[in-house]
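A short worksheet on the structure shown next.
The values are calculated or read from the model by the stated rules, or taken from the named source; none is laboratory data. Values in this document were obtained by computation on a predicted structure and should not be read as measured data. Virtual Cβ from ideal backbone geometry, glycine too; neighbours counted across all protein chains shown. For the accessible areas, the whole protein counts, side chains as well, though only heavy atoms, and no ligand, DNA or RNA atoms are used. Shrake-Rupley method; radii C 1.70, N 1.55, O 1.52, S 1.80 Å.
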Amino acid sequence: MKNFNLKSYHVRGMNAETEAEKLAINQELKDLYESLSEEDKKDFNEQLQTFLVKEMAAIKSVYDATKTDDLN
C-alpha cells in the first residue's frame, strides 16, 4: 500500500497566496489520482477519507473549545 502525503497538499493549499496557486495544487492532486492504478485509487480514497475525518475532528475540537470559552 502506498502512503499518500495528503497533509502536504492540504498545507500547501492553505498557504497558497493566490487562487491560481490553489487551483494548480488541486490539479496536481487530480493528476496524481488519475495516474494511479485502481488498487492505488482505493488506497488513496481510504487515506483521504481518514485524513478528512481527522481534520474535521480537529476543527470541531477547536470550535468546541472556542464556544466553551465564550460561555465563561
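Counting only protein heavy atoms and a 1.4 Å probe, the chain has 81 square angstrom of accessible area per residue. Rounded to the nearest whole Hz, the Karplus-based 3J(HN,Hα) values (6.51 cos²θ - 1.76 cosθ + 1.60, θ = phi - 60°) of the stretch 47-58 follow the sequence 5, 5, 4, 4, 4, 5, 4, 5, 5, 5, 5, 5, with x at glycine and proline. Loop-located GluC sites (Glu not before Pro) in the stretch 5-38 (DSSP state not H, G, I, E or B) with no more than 15 neighbouring Cβ atoms inside 10 Å: E17. When shorter helices are ignored and each DSSP H run of at least 4 residues is given -39500 (n - 2.57), the per-residue value for the chain at 222 nm works out to -29000 deg cm²/dmol. Projecting label points 7 angstrom from Cα along Cα→Cβ for S37 and E17 puts them 4.1 nm apart. Modelled label positions at A57 and H10, each set 7 Å beyond Cα in the direction of Cβ, lie 1.1 nm from each other. Projecting the Cα atoms of V62, N15, L32 onto the charge dipole of the chain (Cβ charges, centred on the Cα centre) puts V62 farthest toward the positive pole. The angle between the Cα long axis of helix 6-15 and the main principal axis of the chain comes to about 60°, on a 0 to 90 degree scale. Starting from the Cα gyration tensor of the chain, take the square roots of the eigenvalues, sort them a ≥ b ≥ c, and report rounded, prolate or oblate (rounded when a/c is under 1.5, otherwise prolate if a/b is larger than b/c, else oblate). It is oblate, given that a/c is not under 1.5 and a/b is not larger than b/c.
For the chain, the longest principal axis of the C-alpha atoms and the axis of helix 19-35 are separated by about 50°.
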